[in-house]
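See structure below.
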Amino acid sequence: MLCSPISYFDRQWQGTGASMTAAESVALHGKLWLNEDDTRTYLAGTSDYGGVADFPQTTAVLVRNTAQAALRGFGTWWMDLPGKGWFDDARLWDEHRRLAPLDAAMLERSAPFQPKIALILGEESMIHLAGGSSPMARPLVYEARAAFGRSGAPYGQYMLRDAIGGNVPAKLQVFLAAWSLTPDERRQLRENRPAGTTRLWCYAPGYLLADRADVGAMSEVSGFEHRLLELNSAVATPTPAGKALGLESPWGQAAQIRPLFTVVPAEGDQILATYSDGSPAVVVRTSRVGTDVFTGVPAWTSQVARALAKVTGVHLYTTVDANVWAAEGYLSIHTMSDGPLRLNTGSADPVEDAFADVRLGNGPDIALDTKAGETHVLKIARTVRLQRRRELQLRQ
């Protein structure tokens with residue numbers, strides 16, 4: 001078992017409560033990831049580290065975090081870090097007991113959590129970050145969890161070595177940090193590509209070799225022909241093709257990022273965004289081996305994450321900002337704005353409140369009457385019936 005606190009970034013009310021590490025890779029190797037949920041409840045009396053203001057905010061955050069842990073196959077504990085009574089309210093423990101049926105259902109799950117989006121991180125690449133790299137690396141790597149956590153689709157967090165070995169089944173594979181790769185790793189990436197995947201190459205894939213930095217070496221990883229740029233800004237502006245996918249606003253660092261990269265587009269490439277000089281910033285290419293995307297902008301927004309999910313055909317449960325986790329016919333949704341929130345459950349089966357046994361309608365289209373900062377846990381009734389049938393068969 002491996003453990004850390006929930007990320008101290010984006011853990012607030014109307015946040016996502018992300019994991020600090022490549023937790024899905026932990027599970028791939030037969031270990032349990034455990035989230036230490038040291039939420040600063042309303043009893044903590046602080047806004048530091050995502051502290052919440054009142055009882056409703058506290059329960060929304062705790063249910064969000066605990067449901068995420070259950071659906072992703074984590075363990076979790078609620079921790080009063082300084083032992084000062086952060087959880088000294090019996091109503092909070094009523095919420096804990098209310099979540100027990102979800103835990104029980106996930107203990108009988110038929111398969112590990114395998115989301116369609118994978119955020120992939122290379123340890124060796126992170127070691128090569130120099131002092132002063134935070135303006136590039138933090139928005140690209142650290143803050144990606146906030147953007148994808150609001151995309152409307154679940155994601156997982158994996159180590160590069162698992163992707164290189166072909167052990168990450170996600171449809172959209174986001175290589176956040178893969179700028180330092182050995183010749184053998186480059187070969188394995190080519191040979192172990194799962195069928196039907198889209199690979200999203202971020203910023204500088206394959207740029208660093210053992211003895212030098214080489215723009216030309218990036219092409220053997222991404223398949224694109226890359227070149228260096230010298231610009232005063234790394235901001236990208238959506239093209240008409242990007243706008244058609246939901247990219248409404250420019251994004252990126254309004255400061256010089258060095259090095260900065262673009263690609264030489266080939267016939268048939270789709271350019272979704274450009275830099276200030278017109279050079280391609282986000283490019284999509286489809287070939288016989290699959291779809292590859294290059295994004296040179298070392299930053300994210302939820303719109304960018306959603307647009308790239310659409311390129312890949314990843315199912316979006318909602319097209320507005322919301323933190324969504326899904327597994328075994330259960331959905332957890334933490335809202336970021338007032339409703340109604342329209343959901344696409346992906347099937348025509350009945351949808352119920354997971355705790356109240358209240359029927360909300362039939363999928364795939366469901367409208368929830370919500371307000372910002374609420375957490376809703378839903379279940380697909382057909383899936384629940386199948387689980388109960390399996391339980392009866394096991395008892396017999």
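The values are calculated or read from the model by the stated rules, or taken from the named source; none is laboratory data. Model, not experiment: these values are computed from the prediction. Reconstructed Cβ throughout: ideal geometry from the backbone, glycine too, with neighbour counts over all protein chains shown.
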Exclusive hit being surrounded by 11 or more Cβ atoms within 10 Å (Cβ to Cβ), in contact (Cβ under 8 Å) with a residue 40 or more places away in the chain and either small (G, A, S) or farther than 30 Å from G313 by Cβ (or both), set W78, W93: W78
Count - residues of the stretch 299-334 that are in contact (Cβ under 8 Å) with a residue 60 or more places away in the chain and assigned to a strand (DSSP E or B): 9
Whichever residue in the stretch 175-202 is in contact (Cβ under 8 Å) with a residue 60 or more places away in the chain and part of a strand (DSSP E or B) and, among such residues, is surrounded by the fewest Cβ atoms within 10 Å (Cβ to Cβ): T198
Residue in the stretch 150-174 that is surrounded by the fewest Cβ atoms within 10 Å (Cβ to Cβ), counting only those that are among the hydroxyl-bearing types (S, T, Y) and in contact (Cβ under 8 Å) with a residue 60 or more places away in the chain: Y158
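So which of L343, L272 is at pLDDT 95 or above, under 29 Å from V52 (Cα atoms) and surrounded by 20 or more Cβ atoms within 10 Å (Cβ to Cβ)?
Checking each option against the conditions leaves just L343.
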Single match in T262, T237 (criterion: buried (at least 19 other Cβ atoms within 10 Å of the Cβ), part of a strand (DSSP E or B) and among the hydroxyl-bearing types (S, T, Y)): T262
For L92: the one exception among (1) among the aliphatic types (A, V, I, L, M); (2) under 11 Å from the mean Cα position of the chain (by Cα); (3) in a helix (DSSP H, G or I): (2)
Top-ranked residue of the stretch 206-232 - restricted to ones that are part of a loop (DSSP other than H, G, I, E, B) and within 26 Å of the chain's Cα centre (by Cα), ranked as surrounded by the fewest Cβ atoms within 10 Å (Cβ to Cβ): G223
Pair list, Cβ under 8 Å, 6 or more apart: the stretch 11-39 residue outside the structural domain of V61 (by TED's automatic domain parsing) and farther than 19 Å from I117 by Cα, other residue modelled with pLDDT of 95 or more and crowded, with 19+ Cβ neighbours inside 10 Å: none
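Scan the stretch 270-290 and tell me whether some residue there is among the small types (G, A, S), under 17 Å from T197 (Cα atoms) and in the same structural domain as M136 (by TED's automatic domain parsing).
yes
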